[in-house]
Structures are given as structure tokens and as C-alpha cells.
Amino acid sequence: MAAPDSGHESLLAAGLPDIGTLNRLAGEFFSALPGRQAAGGVPVPVNPQPAGMSPPPGALGPSTLASGPYLPPGGGQVPASPQSPANVAASATSLRPHAQAPNGVPDVVVQAAPGYDSRVGGVTLGVPEAAAQPPRGAGGSPYYFLEERGVGATRLPEPPAAATPAIEAPGARSFGLPDGDVLRALLATHAPAPASAPPSSSHYYFLEAASAPAADSAGHPPFDVNAIRRDFPILRERVNGRPLVWFDNAATTQKPQVVIDRLRQFYERENSNIHRAAHELAARATDAYEGARETVRRFIGAGSTDEIVFVRGTTEAINLVAKSWGAQNVGPGDEIIVSHLEHHANIVPWQQLAAAKGAKLRVIPVDDSGQVLLDEYQKLLNDRTRIVSVTQVSNALGTVVPVREIVAMARRAGACTLVDGAQSVSHMRVDVRGLDADFFVFSGHKIFGPTGIGALYGRKSVLDAMPPWQGGGNMIADVTFEKTIYHGPPSRFEAGTGNIADAVGLGAALEYVERIGIENIGRYEHALLEYATRRMAPIPGVRLVGTAHDKASVLSFVLDGHTTQEVGEALNEEGIAVRTGHHCAQPILRRFGLEATVRPSLAFYNTCEEVDRMVDVVRRLASKRR
């Protein structure tokens, strides 16, 4: 057994500083970081609390919530106070640039090429590569996924054939993995069966009347959906023996590996309550939480983190506005306007407010395509209108609502406005200042983040005038039995211990989307929706519900002779997940004479091949109509 100080002696023999010196130097390094201060030996976070939290009069000591600078994006990854050298690496971020390869081989350059992507740099973050493209042939296509013949429609990249990457045998064995012929046999055994292609005169399965998503002619980089799919581990799941097709994205989206890793890192390295930084983990957790608030602000274009309130999701955000702003500003005879497209979460809170205050709820009608009628909306506006609350994208039909015009018309009438962005935020660029709405709300789980977390944007002047809607810790500056002094926004609206870890996970999800580019996502999804619409529309007995010219990735339909439940079950047998029912939007379905639809809803990790699998099932059912 080695002597306890053998490591110390080894360092000295090698001419290196001893362990005590290393620890002292590390402490000095971290204490000298910009923005780091230590009061009485107590670590203080870089970002102890959001602006708006003020200390009670005369309060002193390390637990006092004093104002401080905001973290720049990514700043929460640096420890907030001295720690040992061993902890420096341990507390590094786990936002890895790619997901683990699905075959279980360690994704380390020494052992295996990450993701087995043949493109140079193609594994980085699963982001479409703009620079590394094959050379153009004479008259050939500029897009990497078209062959030299230059066909008229694009073909999404075929997944590479199962093959063993160049792995040194000792390296594989050192990890307890099979190598050589054994590994090749295993890969061949577990490789998914190729999907059958529909009949076509072309060897491209999608070159029929409908065309597959294409890179456009404006010079945008090609979108590599196969690289994106590697970032989502659940897409390797099999259902009923078949590869999972997740077409239930309007209900919830799947999570990339970076979000899963970020949640794990928080609970492993940072878990603590926030804003009372009496120790190192409190500082880390506070920095991570407030860093996520800054990410939300940047993502939706708000002017200040004071305008970003963390909530459980869109439903809670709308209830907050109705019960705080509404209780203060709506009275007898006043009017609240919503559209016929709304989710129940944007109907029920306003009904409750109207009933409590003696106000009226008025509804913007829609045409037969599912688009709102702006002329009719104009007739509803008057000097009694207090708030207009509308969705930006219908969860049941996919209709993209002209919210900018709706907000501008409401403002001219002197009304407040709220935009429900639950279904829009993952498909299109959101700029709340350009939109000019007073409130914007969305849910994290609709944009590849965790459940149970979302955000409310409120114009600062509006939030400042609103009373709290819940009482408790974290939202108060001073409490006596005679009087309570509240913090300013956003803390005034975040009573109690918040959903800290999932807020951090939401920040990771938004950063992931930023790296890919929301415009890239929107272009791909739009082309995929057009492809799916053209494949589904000709099927005998299919009725598409919601055919507005401007739509996001929802394709609601019903099939003659079959209930929506039967269609959903048949799709599930083939591993295809869709939503059936009323989608918490009964009024709009009843506008079309329906109680339920089948609702495939698409995301940027879905493919034309998956659409074809769904179409095959619906065609088979259509041929068996009763």
C-alpha cells in the first residue's frame, strides 16, 4: 500500500507544485474571476436574483438579495466560487455537441467516428452542414442529396448501410464490446428493415405527384434530417416491432440528448434552491436558472429579463394574466375577445373571469378553411373591449393566425392583447417586440424542452402595474403581520420554489433550436407538410379538416367508414403515434360538424418515409370502408 503522501512526493520529484500549492492556486484563480466576490467566506453567485428583487429595508448579510449583474449566455457554466481542481472538470457543462451513437459503441474519436457520419463535421450538434457539399457537376444540382442527373424533386438522404466503422480490436475489447465478425453479425441482426416504397415510375420513392421537401433556391443550407434524428434517442425506440414514428408533436415534442444531459447535469452537479446563495450549489443553481431566463428573453426577442416569468406552461400563464391583470382591469359590461380556434386553456380562464366580473366573452368567427375573419373581428372591437386573446397557430387545424394584424387592430381600439404561442414557438420566429402584444405565452414541452415549465412574456409597464396572483416565499421583499412588500416582476409572480431544473432544461432546448436555426426548421417542416397533404388528400374517404392557405405542421383528418379511434389504433399497430379526439378544442371542431379528428402533427425530425408509412395505413383502411 502506497504511503499517503506518495502522490505529493511524486509531484515534487517531477519538479511540479505540490498538492497544497495547486489547491491554493486554484482558489486564487476562481476568486479572481470577473464578477466573483466572497463576503465573509460565503460564495456569492454571479447572478443572485433577477432584477426586481430588492432587499427589505436595513437588511444586511450574505443572505440579503442585492442587485447584481446579469450573466451573459453561457456564463452559468463557470463556477461561482473557489473549488478544488478535481471539481473543475466535474462541474463542466454536459451540453455535448452530439448524441451517443445508437449502436452503443463509445462515441470517442479514438475508438469510433461519432455518429458514423461520412460528411466532414457532420456530427456537430446534428446541425445541417452548409460548407461541406459535394462538388457540382456540369448542370448538376447544388444540393448534396441530388445525384448528377439533377432530378426535379429532392431526395432526403438515405441512412447509411449498417457497417462496422474502423475500430481497433483492442479498443473495442477494452470496453467489453464485441469486435470483428461478431460485431458485424450483431449490427446485421438489429438493423431495421427498410420501408417498402410505393409504386413509382422513378426509383425515388417520393417522386410522384407530390414532391419531397427541398432546399430552396435562395442559398439556404441543405437540411440533414438524418443528422437531426441522431440527436433524439427516443426515435430509436420500436413500437409493436416497428420503428417509432412520432406524429404527436402538437401534444408534446421529443427531447434531444443535450436537454436530457442538461437535466442530469443539474441534478448531479448543481441541485439547490436559488436566490439565497449561502453556499456553492446555490450559486450554481441561481446562475443556471437566471441564465435560462436570459435564453428565453433572447429567443423570443424581449427587451429585458424583467419581462420573462417562469410558469408551468401556457395554461398557467393565461390563468396568471386572467387572475391578476383581468381581476384588476375587467369589470361589469366589459368585453373579452377570443377566436373560434382557441384551445380550452384560452377559453375557460376568460369565461371564469367574465362570470366573476359580469363581463362578456365574444368570439372571432372563422371561414370554411379555418382562417379567422378579420372583417368580422373589426366589428367586435369597441370601447368596452378590454383584452383580445388569440392563438398564433391552431393546435387542432394548424391554421397560422394573422396575429400581428389582430394585435394592431386591438391596440387602435385601446385593448390589451395576449398571444398564445404554444403551437407557434417551435415552428416560426417569434419577435415579441415586433409583434407588439402585451403578453406572449408558451410551453417548454412543445419546443423540445421538459414538461412542467413554460414562460410568460409581459410588457414591463403592464407587469409593473399587475398585483401578485399567488403569495409565498421568493416574491416578497418584507413581511410583517401588518404589511407585505412585494418584489417587482418577474419575481412577484414566481411565489415558492420554482421548477428550477426544468427551467434550465428549457434553456438548453432553446439553445439547441437556435443552433439549428428556426428558419431552417420552418422551411423543412413547411415542405414536409405540403408533401403529406398531397399524399393524403387523394385517398378515397379522407376529409382534411383545416385547409387555410397559411398553416403549420398539423394535418387533421377524418376517414369515412372508420372512427378516429380505429384509425389511431391501426396506425399504432405500425408504430405510428398520432392524437385522436377533440384536442382540447371542441368549439372549432364543432364548427366543422365534428367531435373528433385524427391529428398527425409534424416536427423537423420527421421524414417523407414516415409520411409514406402513414399514408399506406390510411389507404389500406380506406379500401376496407364499411
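The values are calculated or read from the model by the stated rules, or taken from the named source; none is laboratory data. From a predicted model like this one, the values you see are computed outputs, not experimental measurements. Cβ: placed from backbone, ideal geometry, glycine included. Neighbour counts: every protein chain shown. Remember, those area values only see protein heavy atoms, side chains included, never the ligands or the DNA or RNA. Shrake-Rupley method; radii C 1.70, N 1.55, O 1.52, S 1.80 Å.
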The long-range amide H neighbours of G581, using H built 1.01 Å from N in the peptide plane and a cut-off of under 5 Å, are T597
Taking 56 Å as R0, compute the FRET efficiency from the Cβ-Cβ separation of V479 and R534 and round it to 0.05. 0.35
State, to one decimal in nm, how far the label point of R625 lies from the label point of L544, with both points 7 Å from Cα in the Cβ direction. 1.8
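Stick to Cα atoms and the Kirkwood definition of Rh, then tell me Rg/Rh for segment 514-626. Please report the intermediate quantities before stating the final value.
On the way: Rg = 14.2 Å, Rh = 14.6 Å.
Ratio of gyration radius to Kirkwood radius: 0.97.
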Leaving out ligands and nucleic acids, note down the accessible area per residue over segment 443-515 with a 1.4 angstrom probe, in whole Å². 36
With a cut-off of 8 Å between alpha carbons and a minimum separation of six or more residues, what is the relative contact order of segment 373-424 in percent? 45
Describe numerically, in nm with one decimal, the distance between label points set 7 Å from Cα along Cα→Cβ at D436 and at D616. 5.1
Antiparallel DSSP bridges in segment 402-521: what percent, to the nearest 5? 75
Near Q565, within a Cβ-to-Cβ distance under 14 Å, what is the net charge of the other residues, with Lys and Arg +1 and Asp and Glu -1? -2
Quickly work out the N273-to-A327 label distance, labels modelled 7 Å from Cα along the C-beta direction, and quote it in nm with one decimal. 2.4
Candidate lysines for bridging to K357, where Cα separation is under 26 Å - those fewer than 8 sequence places away on the same chain excluded: K323, K379, K460
Amide H within-cut-off set for I364, under 5 Å, with H built and near neighbours excluded: V338, S339, H340
Contour excess over end-to-end distance, with Cα ends at R412 and S461 and 0.36 nm allotted per residue: 15.8 nm
Given H placed on each backbone N at 1.01 Å, which residues far from K551 in sequence or on other chains put an amide H within less than 5 Å of it? V400
